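Before any comments, here is the structure.
Nothing in this text is a laboratory measurement; each read-out follows from the coordinates by a stated rule. Not measured: the values here are computed from a predicted model. FYI the Cβ positions are ideal-geometry reconstructions off the backbone, even for glycines, and counts take in every protein chain you see.
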Protein chains: 2
Amino acid sequence: MDNLKEALKRKGINPSYQRMKIFEYLQGNKSHPTVDMIYKDLSSEIPTLSKTTIYNTLKLFAEKGMINCLLIEGNELRFDPNTSPHGHFFCVKCGAIYDVQLDEDCIEKIKKASSNEGHRVSELQITFRGICKNCLEKLH
Amino acid sequence: MDNLKEALKRKGINPSYQRMKIFEYLQGNKSHPTVDMIYKDLSSEIPTLSKTTIYNTLKLFAEKGMINCLLIEGNELRFDPNTSPHGHFFCVKCGAIYDVQLDEDCIEKIKKASSNEGHRVSELQITFRGICKNCLEKLH
DNA sequence: ATCATTGCAAACACTTTGCATACGC
DNA sequence: GCGTATGCAAAGTGTTTGCAATGAT
């Protein structure tokens with residue numbers, strides 16, 4: 001718990017109990033959870049937890065560059081503690097989201113395509129949609 | 001108007017007045033409009049037009065592969081009549097969305113990265129965020 | 001007459017806001 | 001004690017649904 005506290009402090013974030021718990025949850029959960037998932041999973045441990053706090057906390061984390069907000073499916077935000085450049089595969093069948101490692105050269109090349117048109121690119125989101133490995137196997 | 005009618009028929013879509021008008025609007029408007037933009041722009045011409053009809057029509061067009069639905073910013077769907085593979089640049093300052101031409105080889109390479117992990121990719125969305133050319137120029 | 005399309009109103013789902021309470025130094 | 005963090009309730013926003021009215025053949 002102390003290392004969580006230190007990690008938040010280092011980012012200039014006051015390490016309250018809720019913030020530490022949400023941060024811990026994100027670290028141990030790479031499934032790109034929604035606010036609702038975080039709420040459901042943590043409210044047994046923190047019965048008074050409110051969604052407002054989760055929204056506030058995630059917004060704060062995102063502002064400090066600790067997590068990325070993803071808009072992948074429907075109207076639900078998802079949160080990703082992995083801020084290194086990578087893509088996401090969304091399974092239209094089961095709704096799972098997988099990280100996809102991408103070739104660095106390709107990412108640079110693609111970023112340049114946009115810069116070349118005169119825009120200043122700060123972020124790049126690459127999202128795949130299709131049917132995931134697990135669902136494909138179940139079809140047999 | 002007749003060529004619009006034919007285009008819809010060819011796709012197996014009953015060419016009602018509303019559908020033709022919405023299709024025409026999309027053809028002449030490459031700014032990736034939202035439902036609200038379409039509604040505001042067309043309701044002067046079609047005073048009885050309802051958003052439900054726009055939603056229904058766009059859903060139908062998307063199912064027939066005539067347009068793509070984009071989830072780029074906030075919680076608003078955007079619609080793109082250009083179904084060839086390309087990326088989108090979203091300006092965080094003015095909200096404009098630009099098409100970005102992408103290197104075909106790169107797209108193929110990136111698609112493979114995901115297929116290699118065992119998933120079956122059917123769609124790929126590439127979205128840039130940053131400050132657009134116009135806004136950069138205004139900063140001087 | 002029949003079937004598809006339209007469009008209003010209500011329901012929904014996710015997010016944000018306003019504000020009073022509780023917490024921590 | 002004071003400033004920040006929390007959390008309830010209400011409002012806001014985009015989308016979907018239910019269903020009656022309309023339109024086309």
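Miscellaneous remarks
- Note on the range B:84-140: Cα convex hull, mean projected area over all directions, 4.8 nm².
- For the range B:51-111, the relative contact order comes to 19 percent (Cα pairs under 8 Å, sequence separation of at least 6).
- At full extension, residue B:51 and residue B:14 could sit 11.4 nm farther apart than now, given 0.36 nm per residue minus the alpha carbon distance.
- From the alpha carbon centroid of the range B:8-37 to that of the range B:44-64 is 8 Å.
- Rounded D (µm²/s) - the protein assembly as shown, Kirkwood Rh over Cα pairs, Stokes-Einstein at 37 °C, 0.692 mPa s: 155 µm²/s
- Dipole of the protein assembly as shown [Lys/Arg +1, Asp/Glu -1 at C-beta], most positive-end residue of A:62, B:17, A:125: B:17
- If only the Cβ of Lys and Arg carry +1 and only the Cβ of Asp and Glu carry -1, the dipole of the range A:84-140 around its Cα centre is close to 260 debye.
- Cleavage-rule hits, trypsin sites (Lys or Arg not before Pro), the range B:1-83, DSSP coil, Cβ neighbours within 10 Å at most 16: B:11, B:30, B:64
- Amide H contacts for residue B:72 (H built 1.01 Å from N in the peptide plane; partners 5 or more residues away or on another chain; cut-off under 5 Å): B:78.
- Restricting the range A:1-68 to GluC sites (Glu not before Pro) in coil, as DSSP defines it, with at most 16 other Cβ within 10 Å: A:45
- Inter-copy label distances for residue B:96: 4.2 nm (label point placed 7 Å from Cα along Cα→Cβ; shortest first).
- Two-decimal Rg/Rh across chain B, once Rg and the Kirkwood Rh are taken from alpha-carbon atoms: 1.02
- Distance violations [Cα-Cα > 28 Å] among B:9/B:40; A:51/B:111; A:93/B:93; B:5/B:30; B:9/B:109: A:51/B:111; A:93/B:93; B:9/B:109
- Rounded to the nearest 500, the 222 nm mean residue ellipticity of chain A from helices alone is -12500 deg cm²/dmol, with -39,500 (n - 2.57) taken per DSSP H run of at least 4 residues.
- Positive minus negative residues near residue B:88 (Lys, Arg vs Asp, Glu; Cβ under 9 Å): -1
- Computed about the Cα centre, the dipole magnitude for the protein assembly as shown is approximately 440 debye when only Lys and Arg (+1) and Asp and Glu (-1) carry charge, each at its Cβ.
- Copy-to-copy label distances for residue A:5, where each label lies 7 Å from Cα along Cα-to-Cβ, are 7.6 nm in order of increasing length.
- Principal axis dimensions, largest first and in whole angstrom, of the range A:1-83 by Cα: 36, 29, 20
- Proxy reagent accessibility, fewest Cβ within 10 Å first, across B:88, A:86: A:86, B:88
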